[in-house]
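Report on the following structure.
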Amino acid sequence: MAEALQDATVKLSLDGVTSGYGAIDVLRGVSLDIREGEIFALMGKNGMGKTTLLKTILGAIRASAGRIRYEGAEITGAEPRALIAAGIGYAPQDQPLFQDLSIRDNLRLALPGDAHLPSALERVYGHFPFLADRLAQKAGTLSGGEQKMLIIARALMTEPRLLLIDEISEGLQPTVIARIAEALREERRSRGTTILLVEQNLDFALGIADRWAVLKLGTIDDAGPAGADAHSRILRHLQI
Amino acid sequence: MTLILDILTTAAILFVIATGLLTIFGVLKIINFAHGAWLTIGAYCAVAVGQLGWSPWLAFPVAFVVGAVLGGLTERFIVRPLYARPLDAILATWGLGIVVGQLITLGFGRDVQFTAPLLPGTADILGTSYSIYRLFALGAAIVIGLGFSWLMEGTRLGLSARAVIMNEALAHVLGLDTRRIRWVTFMIGCGLAGLAGVLLTPLTSVDPNMGLAWLVGSFMLVMVAGQSFAALALACLLLGGAQVLVSTFLSPILGGITVAVLAAIILRISPKGFSRV
Ligand SMILES: Nc1ncnc2c1ncn2[C@@H]1O[C@H](COP(=O)(O)OP(=O)(O)OP(=O)(O)O)[C@@H](O)[C@H]1O
Ligand SMILES: [Mg+2]
């Protein structure tokens, strides 16, 4: 009974997940629970498998072992399409935008059809008003910071219940990071969105996260709540 | 004047064939070497419609539907299982093209077929008389080209197809149904080749291997054009024009290889071809 109750509050759980590229395993038995409504920061140095983990959750890479559960149901092996329809949003790290398409078309491609496009656009303008005036501009001609905001805006178009965000703060100045942090906080406040944030920027991550974990060589090396000692503990792992 | 109209007609028909090939190439990342066979299928749809005594105009919808349905089956049962092995997929389309040619020979014989003229007669244009059918073919090819541009630029399906062309991995993680997009693209591309086959029937002789020369020409055009439809239109106009000029003033046989030779030369000089247009 107690376990069932606890299960109900777990949004996403990974149990011994192994995955990689071809014969090479990048993740080696990752186990992780993300609770309903929390912001969880997944930290780790370059090449440790953070992006691979998000892609495995989303079904873009197949787990070769282990189980992934979302909202209580097993989703191991499901396609991105099905998971997005089930309320997962994704802000990718590599080549995240269609550079030659307009802002509007980039946002439009997040939805399965155009029926709810106007209301979804209105919603994301609330977070990033500049988008409204620049709809026809090609994504590739936006500044680095504007592109990052567009990536987040696109992930919010579908009103996801679980957001997977991959190093959104990479290469951004503090004011833009603050705007993105505010958008994510607001999204959780108003809709209770659960967020799994892959990050290397400690200040940004611990500024909005409730809990954290460090991924090292494909396994969870350390984890804890975002308390006073979090900063120094994580820093120890991130140092070379 | 006749020359200009000839150039425009050739370019427009080349464009209809090559857009299908280009779109399939962009979305599925394979060259469909059976594309020429679909042109032949379209032409034989016109022959069959004639033999059945139907209105020759029916050949257009019949060829599009037959081409698209056969294309859909091909994608589903031949191309899709080989999607992870593009080279094998390309070889399979090559083999399929040969099989289609043989089947047509079996069904209709090896002989050259003729169809009833759709629009007999000539019209006077700025003092020269010109075949009405050729004018119609030009207009039809332009309408098909415009319709296709609208499909790609103005519809959600076209947007999805362009997204897959630009960045398939991203399209996949955004939840686009990449499998369905590949399928529909292949169907429409094959349907277009069928339409082009019907357009061609009154202009050239219909035989089981008629598609081959057009396949080679449009393949070279696609290589020259890269992923850009504007570049493709330009390449069709320039190389198609050169083909007409060579055929008219030198010899029709040389004309037949003009597109391929010029495209090879262009690619030698500028490996990116016209793709930056
Ligand atoms: N498509 C791929 N094929 C083969 N190996 C890959 C592929 N993508 C990533 N890898 C390898 O998997 C390992 C983990 O990569 P991953 O992108 O998950 O790291 P990361 O933690 O996200 O790093 P970063 O902080 O630099 O983004 C790396 O060693 C990388 O070289
Ligand atoms: Mg990464």
Taking a quarter of the surface of the convex hull around the Cα atoms of the stretch A:3-239, what do you get in nm²?
-> 12.9
Provide the convex hull volume over Cα atoms per residue for the protein assembly as shown, in Å³.
-> 187
Other residues with Cβ under 12 Å from the Cβ of B:Val69 give, with Lys and Arg +1 and Asp and Glu -1, a net charge of 0
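Beyond 16 Å, how much of the Cα-Cα pair distribution for the stretch A:30-157 remains, as a whole percent?
Looking at the stretch A:30-157, the distances longer than 16 Å represent 67 percent of pairs.
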Work out the mean other chain Cβ neighbour count within 10 Å for the residues of B:167-173 and drop it here as an integer.
-> 6
Under 15 Å, Cβ to Cβ, from B:Ile30 - net charge with Lys/Arg +1 and Asp/Glu -1 | +3
What are the residues whose amide H is under 5 Å from the amide H of A:Arg35, where those residues sit 5 or more places off or on another chain and H is modelled from the backbone?
-> A:Lys11
Across every pair of different alpha-carbon atoms, what Kirkwood hydrodynamic radius in Å does the stretch B:74-170 reach?
-> 18.1
For chain A, what is the mean residue ellipticity at 222 nm derived from helices alone (per DSSP H run of n ≥ 4: -39500 (n - 2.57); sum divided by total residues; nearest 500 deg cm²/dmol)?
-> -10500 deg cm²/dmol
Go through the stretch B:12-22 residue by residue and turn each phi into a ³J(HN,Hα) via Karplus (6.51, -1.76, 1.60, θ = phi - 60°); whole Hz please, and just put x for glycine and proline.
-> 5, 5, 4, 5, 4, 5, 6, 4, x, 4, 5
In whole Hz, what ³J(HN,Hα) sequence does the stretch B:157-166 give by Karplus (6.51, -1.76, 1.60; θ = phi - 60°), x for Gly and Pro?
-> 4, x, 4, 4, 4, 5, 4, 5, 4, 6
What is the Cα centroid distance between the stretch A:14-77 and the stretch B:7-80, reported in whole angstrom?
-> 45
Longest DSSP-loop-exposure-free segment, chymotrypsin sites (Phe, Trp or Tyr not before Pro), chain B, at most 13 other Cβ within 10 Å = B:115-277
For chain A, the longest principal axis of the Cα atoms and the Cα long axis of helix A:144-156 enclose an angle in degrees, to the nearest 10, of 80
Using the Karplus equation 6.51 cos²θ - 1.76 cosθ + 1.60 (θ = phi - 60°), what ³J(HN,Hα) coupling, rounded to whole Hz, does each residue of the stretch B:135-141 give in order, writing x for Gly and Pro?
-> 5, 4, 4, 4, x, 5, 4
Percent relative contact order of chain A, based on C-alpha pairs within less than 8 angstrom and at least six residues apart?
-> 27
For A:Ala23 and A:Gln99 in the same chain, what is the full-extension length gain: residue separation times 0.36 nm, less their Cα-Cα distance, in nm?
-> 24.1 nm
Mind pulling up the Rg/Rh value for the stretch B:2-210? Radius of gyration and Kirkwood radius, both on Cα.
-> 1.01
Given the pairs A:Lys55/A:Lys148; A:Lys11/A:Lys148; A:Lys55/B:Lys272; A:Lys45/A:Lys148; A:Lys148/A:Lys216; A:Lys55/B:Lys29, which span a C-alpha to C-alpha distance of over 30 angstrom in this model?
-> A:Lys55/B:Lys272
Considering Cα pairs under 8 angstrom that are at least six residues apart, work out the relative contact order of the stretch B:2-210 and quote it in whole percent.
-> 44
Within chain B, excluding any trypsin sites (Lys or Arg not before Pro) found in a DSSP loop (not H, G, I, E or B) and having at most 16 other Cβ atoms within 10 Å, the longest uninterrupted segment runs B:111-271
Acute angle (nearest 10 degrees) that the helix B:229-249 long axis makes with the longest principal axis of chain B, alpha-carbon atoms | 30
For B:Thr105 and B:Leu126, what does the FRET efficiency come to when R0 = 41 Å and r is the distance between their Cβ atoms, rounded to the nearest 0.05?
-> 0.40
Computed on Cα atoms, Rg of the stretch A:100-182 relative to 2.2 N^0.38 Å comes out at 1.03
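Each reported figure results from applying straightforward, stated rules to the coordinates on display, with no laboratory input. Bear in mind the structure is a predicted one, so any value in this text is a computation, not a measurement. Reconstructed Cβ throughout: ideal geometry from the backbone, glycine too, with neighbour counts over all protein chains shown.
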